[in-house]
């Protein structure tokens with residue numbers, strides 16, 4: 001058998017050869033990939049808002065499979081609070097091709113560059129650093145989704161709006177990507193340019209409270225398209241040739257519209273409210289769409305005379321004023337809620353007394369046996385054997401108990417969800433706080449299902465240098481995975497938002513001596529421990545069962561005899577709720593229903609007189625989220641807040 | 001095995017106190033140090049001491065308080081550091097022949113009437129068992145201390161292994177010191193304590209990676225030593241301890257060989 005001898009020199013050459021091959025492969029791959037980035041809407045973004053980032057990757061080499069990372073940095077070095085938010089996505093690009101990726105990220109400062117990185121099996125293939133300063137604006141955006149409308153439709157600086165025409169490619173694929181946008185004008189022809197995900201994002205944005213202006217189009221095909229029907233259903237009643245529109249000029253406050261003839265579209269939008277009519281033909285209609293509103297103008301605003309109309313900005317300003325004030329999300333102090341969530345965390349010490357008794361009995365028995373070994377010469381060996389046996393029993397039982405407690409208690413999490421209902425709009429804004437608590441240094445993954453959500457980490461006062469507030473999210477089309485990186489004896493809180501369908505309805509009948517509210521709950525959620533807050537008074541009402549209607553009636557006169565809620569009374573209410581909570585799940589809600597929450601409700605709603613506010617708890621899961629790979633102690637609580645319409 | 005020198009040992013010990021040629025006397029017995037009265041009393045007192053200290057530093061607040069304040073209950077750090085010092089010191093004393101005179105680390109075995117001696121390698125096993133025996137009564141307290149500090153299972157086991165390995169090192173330091181300087185003089189006492197202080201405290205200045213106090217602090221706060229060069233920290237620490245144990249064992253082996261030669265006895269493996 002021949003022996004193969006490799007000298008040190010030969011080995012070195014081999015090593016250099018291998019290193020050369022590896023690095024040349026990486027170099028070859030990086031040189032064949034090109035990254036182009038567009039920040040915000042056609043290069044404009046506002047600070048502290050979720051911003052779409054469009055990344056175009058050109059691959060001139062072979063098939064690329066790897067990870068795309070978009071990293072935004074916040075904080076400053078002087079205060080030593082630099083945090084990174086990393087948005088990751090697994091990507092695949094065919095050879096000799098170009099692919100567009102859209103990420104929605106939160107940009108808090110332009111002091112740090114935005115980093116785009118491409119990794120292949122942990123190796124950095126390509127990276128790009130973008131200075132954000134040139135793209136920043138402090139105005140809210142009026143987005144124009146039309147092919148022929150000019151940019152100068154808003155002139156009034158008091159509106160603090162910046163109009164922006166954008167290419168369909170740069171539109172976000174998530175609803176919260178429109179965070180910086182105040183209004184969107186959509187021409188029906190533009191809809192076909194959107195990808196399915198972009199259209200869904202736009203629709204969901206309106207659903208979450210967005211304000212959308214749609215104009216008519218001479219292209220009837222665009223108005224009857226499926227996408228259009230998902231937004232508004234139009235009943236076509238004809239077309240009229242016009243030279244002037246008196247109602248419109250009166251509405252805008254100008255003398256006349258100069259220019260050629262135009263078509264007035266006799267369209268009736270289903271379930272809408274007519275704002276302006278011209279000879280019984282609806283000109284402007286408004287429709288509620290989830291928590292948002294759509295205004296439909298029965299004219300093609302990107303065609304002449306409206307396109308080149310000198311006073312067109314007056315019309316656009318008037319249109320923006322037709323929207324109701326955006327729904328106000330009452331912001332309670334996160335600090336108070338976090339404090340309660342920490343208190344309700346499932347992770348607990350073992351009870352002190354059993355552990356003390358375990359140790360005390362051990363030390364006593366051990367001392368007794370040692371004395372016996374030392375005193376009694378005859379029974380020495382027996383006592384020694386007993387001593388060894390007892391020692392082994394205590395150590396093994398102690399180790400078992402220790403293992404059990406450490407495994408079951410070293411990590412836990414809970415969520416506190418707030419559900420905001422506005423009138424009878426049938427949609428609810430959901431705000432979920434998720435708290436994670438760890439006794440040990442750990443890395444886990446938390447999955448958020450049901451589409452993309454804006455997720456932020458809530459920084460708290462940092463008392464240890466090893467605690468960071470970096471965000472690490474891997475996103476795909478349907479869900480997001482948060483990588484939880486927790487240190488010993490630490491906690492982290494994440495906040496996410498969503499919009500869900502919540503068709504709960506209330507009908508209020510009010511007379512001088514009787515106020516009757518009929519609440520219809522067709523959902524699958526039982527609402528428990530309900531309270532009404534009316535004229536600074538809390539009124540306890542019965543639970544509202546799922547798929548049932550409940551009628552509550554009381555006399556306003558009797559209500560006025562009840563003492564108004566004052567903060568000092570909060571203790572009584574909390575105590576009362578604790579009592580009723582004994583039978584509910586783990587008594588957790590009782591912990592949440594702290595004085596702070598009642599106080600917050602009081603301070604938030606005390607000024608809204610003659611309005612009825614409803615509060616209750618939902619036990620069922622509202623948002624799909626779970627810890628991946630293991631079953632851990634957790635608890636969920638959902639608090640429903642609803643401003644009931646009185647008219 | 002015949003028990004040699006037992007009856008006249010103390011007498012001879014007194015007469016030949018500084019005569020290290022008679023050191024073999026101390027290595028020849030088989031009387032178990034496991035049942036040594038003095039040692040058991042010391043052990044009992046140490047366990048009571050730790051028990052009271054644990055009660056004193058028992059976390060006064062609920063779990064959420066510590067997590068909210070990003071604080072850590074100090075039970076693990078205090079109790080493990082203290083146990084390390086107590087057991088280490090006890091092993092040093094045992095090795096130095098201060099608690100009981102017979103050594104267990106390496107025993108020399110009398111074979112026949114021709115006064116032929118051999119190393120009894122079982123002594124190493126008994127010695128390690130004895131170190132474990134000294135550690136065992138502290139384990140229930142160490143378990144509770146780890147539990148209250150939320151130390152995970154691997155962290156607990158590694159900490160116990162570190163205490164054990166350092167205890168073996170202290171015992172070997174004691175034996176080496178005993179063989180070279182004897183056990184009944186001030187110099188021997190001082191040198192052994194200096195070694196103890198160096199390994200426990202001053203090694204910090206040499207390198208924090210080899211300092212046991214620093215190791216427990218690192219574990220307690222969940223920090224990581226990461227890698228030293230390209231070597232995983234635990235491989236590095238184990239390598240360091242094994243090196244220490246090997247060096248000390250070699251010293252003991254050769255010093256003992258010199259004594260055996262002086263006594264004109266053959267050193268054959270049995």
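The values are calculated or read from the model by the stated rules, or taken from the named source; none is laboratory data. Treat the numbers as computed from the prediction; the structure is a model and nothing was measured. For neighbour counting, all protein chains shown are included, and Cβ atoms are generated from backbone atoms with ideal geometry for every residue, glycine included.
Miscellaneous remarks
- Given (1) more than 53 Å from the chain's Cα centre (by Cα); (2) more than 10 Å from chain B (Cβ to nearest Cβ), index of the condition residue A:336 fails: (1)
- Among (1) touching a helix residue (DSSP H, G or I) at 6+ places or on another chain (Cβ under 7 Å); (2) more than 11 Å from every other protein chain (Cβ to nearest Cβ) - the single one residue A:389 does not satisfy: (1)
- From the options A:494, A:531, residue that is farther than 23 Å from residue A:424 by Cα and either at pLDDT below 85 or buried (at least 16 other Cβ atoms within 10 Å of the Cβ) (or both): A:494
- Selection status of residue A:475, surrounded by fewer than 18 Cβ atoms within 10 Å (Cβ to Cβ), in contact (Cβ under 8 Å) with a residue 12 or more places away in the chain and touching a strand residue (DSSP E or B) at 6+ places or on another chain (Cβ under 6 Å): no
- Condition met for residue A:501 (at pLDDT 85 or above, within 14 Å of chain B (Cβ to nearest Cβ) and on the phi < 0 side of the Ramachandran plot): no
- When residue A:376 is tested against (1) away from chain B (no Cβ under 14 Å); (2) modelled with pLDDT under 75, only condition (1) is not met.
- For segment B:131-149, the criterion of being over 30 Å from residue A:386 (Cα atoms) and either within 14 Å of chain A (Cβ to nearest Cβ) or loosely packed, with under 15 Cβ neighbours inside 10 Å (or both) is satisfied by at least one residue.
- Hits in segment A:226-257 - residues which are farther than 23 Å from residue A:310 by Cα, touching a helix residue (DSSP H, G or I) at 6+ places or on another chain (Cβ under 8 Å) and buried (at least 16 other Cβ atoms within 10 Å of the Cβ): A:227, A:228, A:231, A:234
- Looking only at residues of segment A:298-338 that are farther than 17 Å from residue A:185 by Cα and touching a helix residue (DSSP H, G or I) at 6+ places or on another chain (Cβ under 7 Å), we find that the one that is modelled with the highest pLDDT is A:311.
- Among the residues of segment A:289-320, not one is assigned to a helix (DSSP H, G or I) and either more than 38 Å from the chain's Cα centre (by Cα) or not assigned by TED's automatic domain parsing to the domain that holds residue A:186 (or both).
Residue by residue, here is whether (1) modelled with pLDDT under 75; (2) touching a helix residue (DSSP H, G or I) at 6+ places or on another chain (Cβ under 6 Å) holds:
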site	(1), (2)
B:67	no, no
B:84	no, yes
B:88	no, yes
B:93	no, no
B:101	yes, yes
B:118	yes, no
B:123	yes, no
B:137	no, yes
B:154	no, no
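- One residue from A:369, A:433, A:421 being more than 10 Å from chain B (Cβ to nearest Cβ) and farther than 30 Å from residue B:62 by Cα: A:421
- Reported count of residues in segment B:45-71, each being in a helix (DSSP H, G or I), free of Cβ contacts under 8 Å to residues at least 40 places away in the same chain and either at the interface with another protein chain (Cβ under 7 Å from one of its Cβ atoms) or within 33 Å of the chain's Cα centre (by Cα) (or both), is 13.
- One residue from A:540, A:501, A:518 being surrounded by fewer than 13 Cβ atoms within 10 Å (Cβ to Cβ) and closer than 21 Å to residue A:423 by Cβ: A:501
- Of everything listed in (1) part of a strand (DSSP E or B); (2) surrounded by fewer than 16 Cβ atoms within 10 Å (Cβ to Cβ); (3) out of contact with any helix residue (DSSP H, G or I) (no Cβ under 9 Å at 6 or more places or on another chain), the single unmet condition for residue A:115 is (2).
- Residue in segment A:74-92 that is farthest from residue A:35 (Cα to Cα), counting only those that are touching a residue at least 40 places away in the same chain (Cβ under 8 Å) and either touching a strand residue (DSSP E or B) at 6+ places or on another chain (Cβ under 7 Å) or part of a strand (DSSP E or B) (or both): A:83
- Long-range neighbours under 7 Å by Cβ, at least six apart or interchain, first residue assigned by TED's automatic domain parsing to the domain that holds residue A:544 within segment A:506-524, second assigned to a strand (DSSP E or B) and exposed (fewer than 13 other Cβ atoms within 10 Å of the Cβ): A:514/A:553; A:515/A:553; A:516/A:509; A:516/A:551; A:516/A:553; A:518/A:551; A:521/A:548
- Qualifying residue in segment A:147-154 (condition: within 27 Å of the chain's Cα centre (by Cα) and surrounded by 15 or more Cβ atoms within 10 Å (Cβ to Cβ)): no
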